[in-house]
Structure formats: structure tokens, C-alpha cells
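Written below as C-alpha cells is the structure these notes are about.
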Amino acid sequence: MIASSLRKAFEQTDPWGLLLKNLLLPMYCYGCGCRLLTEEHVLFCPDCWENSPRIDRPFCERCGKPHQRIVGLGALSNYPCADCRDKPNPYIRRIWGAAYYDDAVGATIRHFKFQKKKIVLPPLADLLIDFAVREMDGEQYDALVPVPLYHTRLRDRGFNQALKLAEPLLTVFPDAVLDESLRRIRPTNPQSRLSGNDRVRNVRGAFAVVNDTLAGKRVLLIDDVITSGETVTECARALKRGGASVVDAMAVALACPSPYFDA
Ligand SMILES: [Zn+2]
Ligand SMILES: [Zn+2]
């Protein structure tokens with residue numbers, strides 16, 4: 001597995017070798033500009049990485065979006081938001097997101113995906129794993145299914161970022177297998193360039209399950225970012241058509257306004 005071998009490579013880094021590398025090829029934090037003295041994250045210093053806002057309780061137990069924090073009320077239970085109570089997603093039982101698509105986490109995802117920097121996979125995978133261990137206790141899945149790329153985009157990028165993120169999560173869900181029978185059967189435009197109904201039209205009918213391995217299975221669909229949810233909803237529609245009994249979705253980041261920035 002790439003994540004574990006990278007981690008192993010980091011653990012085995014000789015401190016003198018790292019010092020030499022830092023002298024010859026100094027690396028600086030993309031956030032604050034300080035000198036990077038470890039290789040745990042090759043873009044951000046530990047402070048900038050840790051300060052990038054995570055999604056904490058309470059969050060919506062359907063769409064995963066955080067509720068406004070209420071200070072001093074003891075244990076924070078999750079509950080559905082008004083949107084999900086009024087109009088629950090017909091195909092996805094619940095969405096999980098570990099962080100906001102913002103700050104260091106957002107920048108790292110963009111480097112991973114668009115600059116093809118696979119070296120930033122370990123901190124992103126750790127973010128997913130930490131969230132799953134903290135918040136998804138008791139959740140059982142039979143299959144982890146990455147949101148697929150159309151074959152021409154996969155060829156251009158060289159890897160599917162959702163598949164790379166799904167692989168390390170198998171350590172948290174030992175009963176699950178990686179399943180790639182969900183395919184993108186026609187090219188789509190990047191959802192980030194569209195809005196409203198154009199997003200729905202863009203992905204409508206774009207996915208299909210190509211065999212029956214997911215029949216009766218509990219599926220966790222994996223993506224890097226969930227914005228308005230049309231892509232994962234359309235994937236889930238195809239998965240349900242393919243016989244999946246339950247579909248949840250999980251992403252490193254949700255693109256939603258952060259309550260921390262409201263003031
Ligand atoms: Zn920094
Ligand atoms: Zn909700």
C-alpha cells in the first residue's frame with residue numbers, strides 16, 4: 001500500500017540525511033513561510049496543518065455539515081439539519097466529512113489532485129483515518145468504493161485520488177474490500193465550474209455498476225471533496241441500482257461555510 005510504504009520511508013528517514021537535505025533543498029511552509037523541519041507533510045508546518053479547521057461535533061447526521069457550535073452544553077450529539085429533515089437524500093444514508101475544504105487541508109487536496117503530488121497522500125489519509133476512528137465507531141461496511149474518474153481523465157492524471165484515499169481506510173474497516181465496479185461511463189465537466197441545476201445535469205446518468213459484486217452490500221463511497229453532493233448522490237443512485245443495500249459517502253473535506261469564520 002502506498003500510504004504505508006511512504007510512512008515507512010518517512011519513519012526510516014535518517015535525521016542527518018534530513019538535515020543535509022534541508023541545507024541543500026530547504027522547504028518552506030505554504031501557509032506561514034516557516035522552514036519545514038520534518039517530512040511528515042511536505043507543504044505545511046505542523047501548526048498550519050493542525051490549525052486548518054476540522055469538522056467536529058455537532059454535525060448533521062445525514063449530510064455531515066457542521067452545526068453552529070453551542071458552547072457549554074456538555075456532550076455534543078449529532079442531529080439532522082433542517083435541510084435534511086425537509087428533504088432527505090433518497091440514495092445516501094449519511095455523508096461523513098473530516099475537515100473543511102479550506103486552508104491547509106483544501107490546498108493539500110488541490111496539490112494532491114491537480115499538481116499530482118502523491119507525496120501529500122499520507123497526511124490526507126491520516127485525516128480520514130483519524131476521523132473514522134473518532135466518529136465512525138460501530139459503522140460496518142462490506143465495500144469501500146472510490147468515486148471513479150472517466151478513463152481519459154484517469155490517463156491524464158495517472159491515478160484516481162479517491163482510490164488512493166480509499167486504500168488506507170481499509171485498515172479501519174477490516175471487513176470491507178476495495179471494490180471498483182462503479183464506473184464513470186461518460187465524461188463530465190468539473191463540478192467546481194458549475195452551479196445549481198447544471199451540476200445535476202452534468203453528472204446525471206454518468207455512473208454505472210458493471211457487475212453484481214455489490215448486491216446486498218453496505219457500501220462506503222469515497223471521494224476527496226464533497227461540494228454540493230450531486231456527484232456522490234448520482235454515484236449512490238447507480239450503486240443502489242446495482243443492488244447495494246446501504247450507501248454512505250465519505251470525503252476528506254466538505255465544501256461548506258465554516259462556523260468558525262462567521263464572525
Ligand atoms: Zn506554517
Ligand atoms: Zn444535513
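All of the numbers you see were taken from the coordinates with simple rules; none came from a lab. Values in this document were obtained by computation on a predicted structure and should not be read as measured data. Cβ atoms come from the backbone with ideal geometry, glycine included; neighbour counts cover every protein chain shown.
Contact order normalised by length for region 117-241, with contacts defined as Cα pairs under 8 Å and 6 or more residues apart; what percent is it? Intermediate results must be reported in sequence, preceding the final value.
On the way: 160 pairs, mean separation 39.1, N = 125.
Result for region 117-241 is 31 percent.
Short-range pairs are left out: with C-alpha atoms under 8 Å and at least six residues apart, the relative contact order of region 207-259 is 50 percent. Ranking TYR79, PRO90, CYS32 by how far each Cα lies toward the positive end of the dipole of the chain (charges on Cβ) leaves PRO90 at the top.
With the contact rule set at Cα under 8 Å and sequence spacing of 6 or more, what percent relative contact order holds for the chain?
On the way: 437 pairs, mean separation 53.2, N = 263.
Result for the chain is 20 percent.
Within region 160-263, what percent of beta bridges assigned by DSSP are antiparallel, to the nearest 5? Write out the running numbers ahead of the final one.
Numbers: 3 of 11 bridges.
Taking every DSSP beta bridge with both residues in region 160-263, the antiparallel ones total about 25 percent.
Among the lysines of region 54-261, pairs at least eight places apart or on separate chains and with Cα atoms under 13 Å apart come to 5.
Once you order the gyration tensor axes a ≥ b ≥ c over the Cα atoms, which shape class does region 54-261 get: rounded for a/c under 1.5, otherwise prolate or oblate by comparing a/b with b/c? Mind dumping the intermediate values first?
Values: a/c = 1.35, a/b = 1.25, b/c = 1.08.
Cα axes put region 54-261 in the rounded bin.
Think of each Lys and Arg Cβ as +1 and each Asp and Glu Cβ as -1; about the Cα centre, that makes the dipole of the chain roughly 1060 debye.
For the chain, the 222 nm mean residue ellipticity estimated from helices alone, with every DSSP H stretch of n ≥ 4 adding -39500 (n - 2.57) and the total spread over all residues, rounds to -10000 deg cm²/dmol.
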